[in-house]
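Heads up: the structure comes next, in structure tokens.
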Amino acid sequence: MRASAMAVLLVVAGCEPAPPSPPPDAGDAEIDASTPDAVRDAGPTGCDVERVSPSVVEEDSEWPCGRWVLDGPVTVRPGVTLTLEPGTTLVAADDDAEVIVERDGRLIAEGTPTRPIVLRGEEGWEGVHLRGAARVNDGACFEDPRPGTPECELPGWRERRDERGVYGGDDDTADCGALRYVRIVGAPLVLAGCGSATLVSHVQVDAAPGDAVTVIGGTVPLGHLLITGAVQDGLHIERGWRGDAQLVAIASRDGQGETAVYAANREDAPTAEPRTDFRLWNLTLRGGGDGRVMWVGHGARAAIRNVVAANFSAPPAFALDETEWPEEVVLEHAVLWDVGAVEDEHEDDAERLRDPERHIRLDLDPRLEGYRPLAALPEGAAPRFGPFTPADFGDRRATFLGAIVPGGEDWTTGIAAP
């Protein structure tokens with residue numbers, strides 16, 4: 001399984017002065033010769049500079065607008081909410097720095113288009129990990145005499161424990177918090193067991209050294225998601241995610257990126273429940289010259305529509321493994337340009353993609369130049385086969401191809417790094 005990570009540099013301006021009482025585990029600090037380079041490089045914020053040591057947030061806390069230096073992991077305990085004010089910057093000054101929100105904790109990071117919240121660090125920090133109580137399919141089975149078996153033999157709910165603690169449970173509405181107008185730079189965003197009450201909207205993850213955004217189980221919806229410069233997978237899905245995502249733009253830098261969208265259920269138990277079963281609409285995917293558009297397998301189910309993809313080369317462009325087309329996986333209403341060979345020695349990939357009922361064009365250049373800005377299809381270039389409109393999710397007006405409305409407002413403004 002691949003790692004996930006991403007990074008972006010923020011310059012924040014015009015924050016309001018910080019309130020006089022910071023959280024008890026923080027201390028005031030001025031920028032001087034001892035200030036870490038990551039703090040110096042963060043740019044002016046207009047807020048007082050704050051310093052945060054490795055800490056545990058054990059009661060509801062609000063961190064005022066400022067630059068908060070993470071000298072190590074920051075852990076939000078169960079039942080506790082950490083709120084970041086608009087314009088706040090968190091700077092990881094150590095390679096083991098990360099933000100971990102434990103199961104039943106919440107992170108509220110809601111910026112604005114002019115005052116986004118930025119989390120960044122020097123190369124190698126660990127990123128943002130939200131852990132919830134929604135169902136996953138590979139945890140221990142409680143009330144089961146043989147915990148860890150692929151299927152729970154007796155009634156009970158599952159949880160999984162790793163080095164960051166526990167996630168998973170029996171509440172598919174579990175609330176991990178809210179991320180809105182947020183940039184995460186140089187590290188991943190990991191959503192493990194987060195439920196449908198979690199908000200992830202207008203978020204950029206940039207320059208992740210592995211996978212950028214990883215979704216493990218749960219039902220968290222994703223919208224207005226910008227992923228840039230991931231070294232491995234852009235969006236990595238596994239172990240029972242049953243959510244929806246709409247308006248997702250993924251762009252790799254030249255020579256980077258393995259798979260824009262990678263989705264699996266479980267390699268060791270492809271039919272394990274709850275099964276990965278998700279819907280994606282309105283995707284713009286630009287490769288770095290290498291890599292694959294999508295890989296869906298190990299029992300995953302998916303409906304993927306309104307896609308624009310270009311500049312990939314790894315065959316096959318749309319790979320399936322241990323899943324059935326079109327009963328379990330469907331890709332339709334798409335433009336795939338310069339994506340490498342569509343034939344595959346194991347699957348008749350070419351026949352799938354050229355099925356006229358799927359409305360997939362392989363002969364139309366969407367003119368995606370560079371990895372940013374992520375251009376919509378130019379006027380006159382969009383195919384006329386009528387993109388699919390989501391029936392019960394997201395923006396019902398999104399009858400266009402790709403992540404950005406042709407000729408309309410670019411929603412990446414306000415989250416894309418300058």
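Being crowded, with 22+ Cβ neighbours inside 10 Å, at negative phi, in contact (Cβ under 8 Å) with a residue 60 or more places away in the chain and of a type in the set (D, E, K, R): is that true of residue 286 here? First the steps, then the outcome.
Numbers: crowded, with 22+ Cβ neighbours inside 10 Å: yes; at negative phi: yes; in contact (Cβ under 8 Å) with a residue 60 or more places away in the chain: yes; of a type in the set (D, E, K, R): yes.
Taking the combined requirement at face value, the residue satisfies it.
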Expected output for the stretch 314-332 (first residue farther than 20 Å from residue 238 by Cβ, partner among the aromatic types (Phe, Trp, Tyr), Cβ below 7 Å, 6+ apart or cross-chain) is 332/388
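Quick check on residue 316: is it surrounded by 24 or more Cβ atoms within 10 Å (Cβ to Cβ), part of a loop (DSSP other than H, G, I, E, B) and not polar (S, T, N, Q)? Walk me through how you get there before you give the answer.
Values: surrounded by 24 or more Cβ atoms within 10 Å (Cβ to Cβ): yes; part of a loop (DSSP other than H, G, I, E, B): yes; not polar (S, T, N, Q): yes.
Judged against the criteria, residue 316 is a match.
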Identify the residue in the stretch 323-350 that is in a loop (DSSP other than H, G, I, E, B) and modelled with pLDDT of 85 or more and, among all such residues, is surrounded by the most Cβ atoms within 10 Å (Cβ to Cβ).
339
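Can you name every residue in the stretch 260-277 that is part of a strand (DSSP E or B) and either over 14 Å from the mean Cα position of the chain (by Cα) or modelled with pLDDT under 90 (or both)? First the steps, then the outcome.
Let us first name the residues in the stretch 260-277 that are part of a strand (DSSP E or B), namely 260-264, 277.
264, 277, listed by residue number.
Residues checked against (1) assigned to a strand (DSSP E or B); (2) under 19 Å from residue 293 (Cα atoms); (3) charged (D, E, K, R):
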{"site": "196", "(1), (2), (3)": "no, no, no"}
{"site": "201", "(1), (2), (3)": "yes, no, no"}
{"site": "208", "(1), (2), (3)": "no, yes, no"}
{"site": "215", "(1), (2), (3)": "yes, yes, no"}
{"site": "220", "(1), (2), (3)": "no, no, no"}
{"site": "225", "(1), (2), (3)": "yes, yes, no"}
{"site": "230", "(1), (2), (3)": "no, yes, no"}
Within the stretch 173-186, can one find any residue that is over 24 Å from residue 234 (Cα atoms) and either modelled with pLDDT under 95 or buried (at least 24 other Cβ atoms within 10 Å of the Cβ) (or both)?
yes
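Among the residues of the stretch 402-410, is any of a type in the set (D, E, K, R), within 23 Å of residue 244 (Cβ to Cβ) and at pLDDT 60 or above?
Just the residues of the stretch 402-410 that are of a type in the set (D, E, K, R), to begin with: 409-410.
Remaining after also requiring within 23 Å of residue 244 (Cβ to Cβ): 409-410.
Next, only the ones that are at pLDDT 60 or above stay: 409-410.
Checked against the condition, which is being of a type in the set (D, E, K, R), within 23 Å of residue 244 (Cβ to Cβ) and at pLDDT 60 or above, the stretch 402-410 yields at least one hit.
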Among the listed residues 198, 271, identify the single one that is at negative phi and touching a Cys at 6+ places or on another chain (Cβ under 6 Å).
198
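The values are calculated or read from the model by the stated rules, or taken from the named source; none is laboratory data. A quick note: this is a predicted structure, and the numbers were derived from the prediction, not measured. Reconstructed Cβ throughout: ideal geometry from the backbone, glycine too, with neighbour counts over all protein chains shown.
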